[in-house]
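Peer 1: Submitted below is the structure of interest, expressed as structure tokens.
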Amino acid sequence: MHTEFKRLINHSIVYFAGSTLNKLGVFLLLPIYTQYLTPGEYGVLELVLVTVAIMRIFLGIGFSHSTLRFFFEYKEEKERKRLVSTSLLSVTLWCFFLTLLLMFFSNDISVFVFKSDSFRLLLILGFSVMFFEVINEIPFAVFRAKELSFLYILSSLAQLIIRVGLNIYIVIYLRKGVQGILVGNLISAAVIWLILCIFVFKYSGIAFDFSKLKSLWKYSYPLIIASFPSLVAGNMDRIFLHWYGSLEIVGVYALAIRFGMALQGFVLEPFQLGYSPFRFSIMKQENAKDIYARILTYFVFIVTFIGLIIIIFSREIIELMSSELFKDAYKIVPFAVFATILKGVSYIVQTGLLIEKKTIYTAYIATITFVLNILALFLLVPLLGMYGAGFSMLLVSLLDSLLNYLFSQKHYRIRFEYQRLTKIAGVALLIYFLSIFINESMEFSVRLFLKTGVILIFPFLLMRLNFYTKEEIAKLFILKEKISTKVFALIGSDRR
């Protein structure tokens, strides 16, 4: 088991680097956006991105995930190449025709989302960015399947440099606002698309296999059905806030949920990129279920600790990076972060459904959570505004993880470490409630000091509750000794 964990960690570190580079641009640019855009303008940008995210599920048709899944079904390299080529060609053609269709109806979409047709050009730019980014998912899936970590990171770094450079120039120097941001994103996505497609076709050649397309589609269409309600449910909160509020409220709320997206982009997604091929590669081992159970425990521990740091310091971060107009965003951050943690749990506990190829259940789950989310938004947003949207987000994430757990256990039972998971949840909630008493009337430096102390209680309080196993404690001491030895070696001390 130790070898498998080490392998997962090594791959997750690689994908963490790559995914971090992909997401880093958004967060490097966030202080610029919140300084050079008003909350209303930032709200417009967010609604364009939300609309694109909802439409994106139709373009991707789940082929990046299914390509990764079926890559390991074939032992011969020739068959793998035909699979990759078939997937890339199919997605490219489908994306081209659907993007044209979306552009044709962009005026109607603008009226539906913004209650005005004046945002049509922004939507066309957003759909164009989406076209290239969706196709790029196939080459990135190939990199993951073949464990080409260097190419994965290099591609991500190139995209980061181009996107950040263009956006800084366009927003700060040209003062082009939202339209300029989308143009910069379009250029960077198109350049990376050209490079990746050349590489993949050079590897796979150009071939089309209808039988493989049929297999890819059969596996992925339930995921499409499942993803659409989930994406709509995950993005309709901002649309409802615009309908019942204003673009300014959307902008403030959008900044808050960026903290949840930070946790997802820098922690969850790198883990998922490594865990997705990993869980299929070990599924035939006798101890696979034990490995899945232990991974959930470690994942919840790490992501909860990082999530608490984000929540507790969110007010101070927003004060430093944004204008006064965005100051209330920190109040929604806990909803976004806890909802993101639950999404990560859901991704792990649904492993059994994917192994047993019961992906149709993901469609059932998505439909149920979609209906609940729309009802919750319809009832809560008019009454509670941003808080109503936050409550809805958290409620839907909780239901999604619960249903994925129940259906997956029905077909592929795993004995998770429930007692340890309960201890993590209990201590996390205690830490969060303690942090609430550190209010904004205190000096900035005092708040930082007190909040750091509260955060550090988390791992030690778990130790008092006998959370760690003897094996884990022993490995921690070994790790401590290794780190100490290296530190003292660097400073030239013999520790005497």
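The values are calculated or read from the model by the stated rules, or taken from the named source; none is laboratory data. The shown structure was predicted, so the numbers you read here are calculated from the model rather than taken from an experiment. Backbone-built Cβ (ideal geometry, glycine too); neighbour counts: all protein chains shown. Ligands, DNA and RNA are stripped out before the accessible areas are found, and what is left, the full protein with its side chains, is counted by its heavy atoms. Shrake-Rupley method; radii C 1.70, N 1.55, O 1.52, S 1.80 Å.
Peer 1: So Ser408 ticks every box in (1) open to solvent by 50 Å² or more (accessible area, probe 1.4 Å); (2) modelled with pLDDT of 80 or more but one. Which box is left unticked?
Peer 2: (1)
Residues checked against (1) out of contact with any Leu (no Cβ under 7 Å at 6 or more places or on another chain); (2) at pLDDT below 65; (3) open to solvent by 100 Å² or more (accessible area, probe 1.4 Å):
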| position | (1), (2), (3) |
| --- | --- |
| Phe437 | yes, no, yes |
| Phe444 | yes, no, no |
| Leu448 | yes, no, no |
| Arg464 | yes, no, yes |
| Thr469 | yes, no, no |
| Ile478 | yes, no, no |
| Ile491 | yes, yes, yes |
| Arg496 | yes, yes, yes |
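Peer 1: Just checking, does the range 389-398 include any residue being free of Cβ contacts under 8 Å to residues at least 24 places away in the same chain, under 19 Å from Arg258 (Cα atoms) and surrounded by 19 or more Cβ atoms within 10 Å (Cβ to Cβ)? Spell out how you get there, then give the answer.
Peer 2: Step one: of the range 389-398, the residues free of Cβ contacts under 8 Å to residues at least 24 places away in the same chain are 395.
After this cut, where a residue has to be under 19 Å from Arg258 (Cα atoms) as well, the list is 395.
Retained after the next criterion (residues that are surrounded by 19 or more Cβ atoms within 10 Å (Cβ to Cβ)): none.
Taking every residue of the range 389-398 in turn, none turns out to be free of Cβ contacts under 8 Å to residues at least 24 places away in the same chain, under 19 Å from Arg258 (Cα atoms) and surrounded by 19 or more Cβ atoms within 10 Å (Cβ to Cβ).
Peer 1: While we're on this one: What's the number of the condition Gly344 fails, among (1) open to solvent by 10 Å² or more (accessible area, probe 1.4 Å); (2) at pLDDT 90 or above?
Peer 2: (1)
Peer 1: If you go through the range 302-329 one residue at a time, how many are farther than 20 Å from Leu37 by Cα and open to solvent by 50 Å² or more (accessible area, probe 1.4 Å)?
Peer 2: 4
Peer 1: Could you please give the count of residues in the range 127-167 that are in a helix (DSSP H, G or I), of a type in the set (A, V, I, L, M), under 26 Å from Phe201 (Cα atoms) and open to solvent by 30 Å² or more (accessible area, probe 1.4 Å)? Don't jump to the end; show me each part of the working.
Peer 2: In the first step, residues of the range 127-167 are kept if they are in a helix (DSSP H, G or I); the result is 127-145, 149-167.
Checking the rest, the ones that are also of a type in the set (A, V, I, L, M) come to 129-130, 134-135, 138, 141-142, 145, 151, 153-154, 157-158, 160-162, 164, 166.
Cutting the leftovers down to under 26 Å from Phe201 (Cα atoms) gives us 129-130, 134-135, 138, 141-142, 145, 151, 153-154, 157-158, 160-162.
Among the residues that remain, those that are also open to solvent by 30 Å² or more (accessible area, probe 1.4 Å) are: 151, 153-154, 157-158, 161-162.
Residues in the range 127-167 being in a helix (DSSP H, G or I), of a type in the set (A, V, I, L, M), under 26 Å from Phe201 (Cα atoms) and open to solvent by 30 Å² or more (accessible area, probe 1.4 Å): 7 in total.
Peer 1: Pick from the range 356-373 the residues that are farther than 22 Å from Val232 by Cβ and in contact with a Ser or Thr (Cβ under 9 Å, 6 or more places away or on another chain): which of them is surrounded by the fewest Cβ atoms within 10 Å (Cβ to Cβ)?
Peer 2: First pass over the range 356-373, keeping only residues farther than 22 Å from Val232 by Cβ: 356-358.
Okay, now just the ones that are also in contact with a Ser or Thr (Cβ under 9 Å, 6 or more places away or on another chain), so 356, 358.
Values: Glu356: 14, Lys358: 17.
Among those that are farther than 22 Å from Val232 by Cβ and in contact with a Ser or Thr (Cβ under 9 Å, 6 or more places away or on another chain), it is Glu356.
Peer 1: Further question on the same structure: For the range 250-260, indicate whether the set of residues that are among the aromatic types (Phe, Trp, Tyr), closer than 22 Å to Val396 by Cβ, over 17 Å from the mean Cα position of the chain (by Cα) and open to solvent by less than 10 Å² (accessible area, probe 1.4 Å) is non-empty.
Peer 2: Quick first cut of the range 250-260, residues among the aromatic types (Phe, Trp, Tyr) only: 253, 259.
Checking the rest, the ones that are also closer than 22 Å to Val396 by Cβ come to 253, 259.
Narrowing the set further to residues that are over 17 Å from the mean Cα position of the chain (by Cα) leaves 253.
Next, from what is left, pick out any that are open to solvent by less than 10 Å² (accessible area, probe 1.4 Å): 253.
Yes, that holds for at least one residue.
Peer 1: Looking only at residues in the range 374-386 that are in contact with a Leu (Cβ under 8 Å, 6 or more places away or on another chain) and at negative phi, which one is surrounded by the most Cβ atoms within 10 Å (Cβ to Cβ)?
Peer 2: Of the residues in the range 374-386, the ones in contact with a Leu (Cβ under 8 Å, 6 or more places away or on another chain) are 376, 381, 385-386.
Those left that are additionally at negative phi: 376, 381, 386.
Working: Ala376: 21, Val381: 25, Met386: 22.
Once the filter is applied, the top-ranked residue is Val381.
Peer 1: If we keep just the residues of the range 1-35 that are modelled with pLDDT of 80 or more and surrounded by fewer than 15 Cβ atoms within 10 Å (Cβ to Cβ), which is nearest to the chain's Cα centre (by Cα)?
Peer 2: The selected residue is Pro31.
Peer 1: Follow-up question, since we're still on this one. Please verify whether Ile124 is open to solvent by less than 40 Å² (accessible area, probe 1.4 Å) and modelled with pLDDT of 90 or more, treating the condition exactly as stated.
Peer 2: yes
Peer 1: Does Ile170 qualify as being surrounded by fewer than 17 Cβ atoms within 10 Å (Cβ to Cβ), of a type in the set (A, V, I, L, M) and farther than 30 Å from Arg80 by Cα? Working first, answer last.
Peer 2: On the way: surrounded by fewer than 17 Cβ atoms within 10 Å (Cβ to Cβ): no; of a type in the set (A, V, I, L, M): yes; farther than 30 Å from Arg80 by Cα: yes.
Against the criterion (surrounded by fewer than 17 Cβ atoms within 10 Å (Cβ to Cβ), of a type in the set (A, V, I, L, M) and farther than 30 Å from Arg80 by Cα), Ile170 does not qualify.
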